[in-house]
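A.B. asks: So that we are looking at the same thing, I have put the structure below in structure tokens.
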Amino acid sequence: MVNKEDLARIVGPERVVTDEDALIAYSFDSSFVKGERPECIVKPRGLDEVRQLVRLANDQGFCLVPCSSRGPRSRGDTVPAVPGAVIVDLSEMKAIRRVDQRNKVAMIEPGVTFAELQAEVEKHGLRLEMPLTPRQNKSVVASLLEREPTTGPKYNWDAIDPLCCLELVFGTGDLFRTGNAAGPGSLDEQWASGQAQKVPMGPAQTDIARLIQGAQGSLGIATWATIKLELMPALRKGYFVAGQTPDELIDFTYKILWRKLPDACLILNNVNLAAIAGLDQEDLPPWTLLYSLSGLTHLPEERLDYMEQDLAEIARELNLTPRRNLKGVAADRMVDLVSRPSEEPYWKLRKRGACQDVFFLTTLDRTPEFIRAMDGLSRELGFARENMGAYIQPIRHGTGCHLEFNLMHDPTSPEDTDKVPVLFDRAGRACLDLGGFFSRPYGPWSKLAYAQCPDTVSALRKIKNIFDPRGVMNPGKLCFNKEA
């Protein structure tokens with residue numbers, strides 16, 4: 001049982017929330033994960049308070065569910081799986097501790113949103129790679145920890161990018177810093193010697209950040225992270241390439257990524273393109289590749305000129321036509337839209353009021369198979385194809401891709417509330433059977449994904465026992481039991 005007086009002594013009584021409506025709001029989200037009402041919400045202000053909360057949880061036997069983004073939430077990872085849990089709301093830890101222009105890296109606390117960080121780094125002539133048009137109140141650190149793909153595969157060298165170093169409080173209450181932030185020396189001493197906490201691997205040959213990524217708060221709490229930044233381009237041009245099917249765009253995408261030409265590079269179907277740009281999807285081609293070319297500080301015009309010539313040559317070989325405008329929409333405007341947080345209402349909710357996402361990793365050449373399978377399932381279940389968005393995001397220079405289907409639906413419609421859970425469940429199973437890799441298995445996907453990997457389950461449970469032996473950190477997620 002949680003002793004709220006002990007919690008109040010740590011964070012202050014005004015930062016322990018027991019309002020019934022606030023607690024009920026955390027017991028569910030728009031996913032199909034069924035959860036429990038938390039006991040209370042606490043809002044720590046820094047590292048010391050987070051460590052004390054974790055130690056108290058170990059001493060008294062209650063569980064903690066960390067959360068740093070404000071709602072609406074849609075994946076079930078912050079819905080408590082056990083009764084009596086305490087939500088650790090990190091959204092008010094908003095310090096942007098440092099922006100290092102020379103080394104192109106920022107250090108931020110978990111409550112910092114994409115909009116807040118972008119506004120700050122632009123003052124230094126820098127920009128950050130971000131996911132496709134994230135929510136206004138989406139935490140940057142949460143996005144990094146969940147390995148959400150960014151729209152610039154050219155800058156995505158590894159699954160961990162653009163995350164660098166982390167400060168962590170493990171489930172034991174122990175403090176740990178990853179990468180070259182581990183030392184030697186304090187952060188101030190490291191900065192004084194010219195270090196920037198930019199190398200994610202370490203200390204020594206460990207790579208703890210990879211264990212924390214995708215853990216859904218089940219191993220510990222991050223109190224700051226460093227993130228790689230890129231130079232703000234002096235010139236940038238956007239281009240559309242339209243296709244009747246995604247197959248028409250894949251070879252072109254492979255070729256331009258192999259030459260490392262575009263910055264932003266992604267493929268959207270007309271449902272998603274219309275939702276983001278505020279257009280009528282009937283006026284748009286079924287599939288559109290959007291990419292941008294950038295000229296940086298030195299000779300930006302010359303750089304853009306040779307890249308445009310290379311791209312035009314590739315397009316001619318494949319009988320494709322890059323366009324600067326599409327149905328009255330400038331590609332430059334579209335690149336700007338996908339490079340910034342979404343205006344309200346959030347773009348996935350504009351069409352029908354709610355959205356459920358199915359996403360996994362595959363390769364670009366295999367995406368048409370999954371798209372055909374989803375089309376078949378939607379027809380079979382009577383789900384309108386014009387309400388299913390699709391998003392293909394190349395990652396790691398095009399060596400893989402994130403494939404996402406967005407099931408846009410009306411939460412007040414009995415027909416939709418009957419169909420969408422069935423389609424969501426069958427889509428997950430079908431895509432897994434086709435070879436989709438659910439690297440971020442939320443909710444019901446966990447059982448499906450981990451059932452195929454018993455050795456991985458065994459290894460992860462050993463890791464859980466090392467970093468959170470009492471099971472106080474967000475139990476019941478991934479392959480971890482609900483019992484402490």
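A.B. asks: Scan the stretch 287-342 for residues that are under 23 Å from Asp247 (Cβ atoms) and among the aromatic types (Phe, Trp, Tyr) and jot them down.
C.D. replies: Within the stretch 287-342, Trp287, Tyr291 qualify.
The rows are residues; the columns are (1) touching a Gly at 6+ places or on another chain (Cβ under 9 Å); (2) touching a residue at least 60 places away in the same chain (Cβ under 8 Å).
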position: Leu257; (1), (2): yes, yes
position: Ala275; (1), (2): yes, yes
position: Leu289; (1), (2): yes, no
position: Leu320; (1), (2): yes, yes
position: Asn325; (1), (2): no, yes
position: Gly328; (1), (2): no, no
position: Pro345; (1), (2): yes, no
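A.B. asks: Also, quick follow-up: Quick one: in the stretch 1-39, which of the residues that are among the β-branched types (Val, Ile, Thr) and surrounded by 15 or more Cβ atoms within 10 Å (Cβ to Cβ) is farthest from Gln60 (Cα to Cα)?
C.D. replies: Ranking the qualifying residues of the stretch 1-39, first place goes to Val33.
A.B. asks: Is at least one residue of the stretch 235-248 touching a Lys or Arg at 6+ places or on another chain (Cβ under 9 Å), at pLDDT 95 or above and among the aromatic types (Phe, Trp, Tyr)? Full working, then the answer.
C.D. replies: To start, the set of residues in the stretch 235-248 that are touching a Lys or Arg at 6+ places or on another chain (Cβ under 9 Å) comprises 235, 237-242.
After this cut, where a residue has to be at pLDDT 95 or above as well, the list is 235, 237-242.
With among the aromatic types (Phe, Trp, Tyr) added as a condition, the list becomes 239-240.
Yes; the residues of the stretch 235-248 include at least one that is touching a Lys or Arg at 6+ places or on another chain (Cβ under 9 Å), at pLDDT 95 or above and among the aromatic types (Phe, Trp, Tyr).
A.B. asks: For Thr113, are the conditions met, namely being among the hydroxyl-bearing types (Ser, Thr, Tyr) and closer than 28 Å to Leu257 by Cα?
C.D. replies: no
Every residue, every condition in (1) assigned by TED's automatic domain parsing to the domain that holds Asn272; (2) out of contact with any strand residue (DSSP E or B) (no Cβ under 9 Å at 6 or more places or on another chain); (3) within 30 Å of Cys63 (Cβ to Cβ); (4) free of Cβ contacts under 8 Å to residues at least 12 places away in the same chain, yes or no:
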residue: Arg372; (1), (2), (3), (4): no, yes, no, yes
residue: Pro411; (1), (2), (3), (4): no, no, yes, no
residue: Ala459; (1), (2), (3), (4): no, yes, yes, yes
residue: Ile463; (1), (2), (3), (4): no, yes, yes, no
residue: Gly471; (1), (2), (3), (4): no, yes, yes, no
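A.B. asks: What number of residues within the stretch 154-178 are at pLDDT 95 or above and closer than 28 Å to Pro469 by Cα?
C.D. replies: Of the residues in the stretch 154-178, 16 are at pLDDT 95 or above and closer than 28 Å to Pro469 by Cα.
A.B. asks: Shifting gears a bit: Tally the residues that are at pLDDT below 95, closer than 30 Å to Cys355 by Cβ, touching a Phe, Trp or Tyr at 6+ places or on another chain (Cβ under 8 Å) and not basic (Lys, Arg), restricting the search to the stretch 1-46.
C.D. replies: Of the residues in that region, 4 qualify.
The values are calculated or read from the model by the stated rules, or taken from the named source; none is laboratory data. Keep in mind the model is a prediction, meaning the values are calculated, not measured. We place every Cβ from the backbone using ideal geometry, glycine too, and count neighbours over all the protein chains shown.
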